[in-house]
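A short worksheet on the structure shown next.
Values in this text are rule-based calculations from the coordinates and carry no lab data. All values reported here derive from a predicted model rather than from experimental measurement. For neighbour counting, all protein chains shown are included, and Cβ atoms are generated from backbone atoms with ideal geometry for every residue, glycine included.
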Amino acid sequence: MSNNTGKLRRFILVAALGTGLAACSPQFVNHGYIPPPEDLERLTVGVDTRSTVDEAIGVPSTAGVVNASGYYYVRSRKRTLGAFAPKEIERRVLAISFTEGGVVSNIEEFGLERGQVVPLTRRVTTSGVRDKSFLRQLLGNIGRFNPAGLAG
């Protein structure tokens, strides 16, 4: 009987250790949605509209609050390890901007790296001279002229 009791104790010990180790394995939770890159490739900046974006990749859960300026797709991934609090290990934001006429003007993807928002991809880069006429740009340079720059 003592031989069976020893085997039972070893079995219980191994089962308890196995359960304890399994409880310490990381568990991941995904939240949100970002369309895959192959779906985003179907969108053309300057051509597609809100309705074609809705059909191609779906309506986002978040949109811009100022004049419905853009669509925002957000995805995050959290890891829980044992009894510790969940930790966010990845966050991605896809921003699709529209013009006042509802045409796609920019597609950007941002990430959260070390607590800082980092642009990951950008389809269109806007220039700072967007709303300035030629004359305004020319007159705006008065006072910034440096003759030493001409000599080399």
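Between L17 and T49, the simple spin-label model (points 7 angstrom out along Cα→Cβ) gives 6.8 nm. Taking Lys and Arg as +1 and Asp and Glu as -1, the other residues whose beta-carbon sits under 12 Å from that of Y71 total -2.
Electrostatic tally near A56: other residues with Cβ closer than 12 Å to its Cβ, Lys and Arg +1, Asp and Glu -1, net -4.
Take each peptide in 95-103, 41-49, 11-19, count the other Cβ atoms within 10 Å of every residue, and average; sorted highest first, the result is 95-103, 41-49, 11-19. At an R0 of 22 angstrom, the distance between the Cβ atoms of L112 and D39 translates into a FRET efficiency of 0.45.
Peptides 3-10, 106-113, 75-82, 32-39 ranked from most to least packed by the mean count of surrounding Cβ atoms within 10 Å: 106-113, 75-82, 32-39, 3-10.
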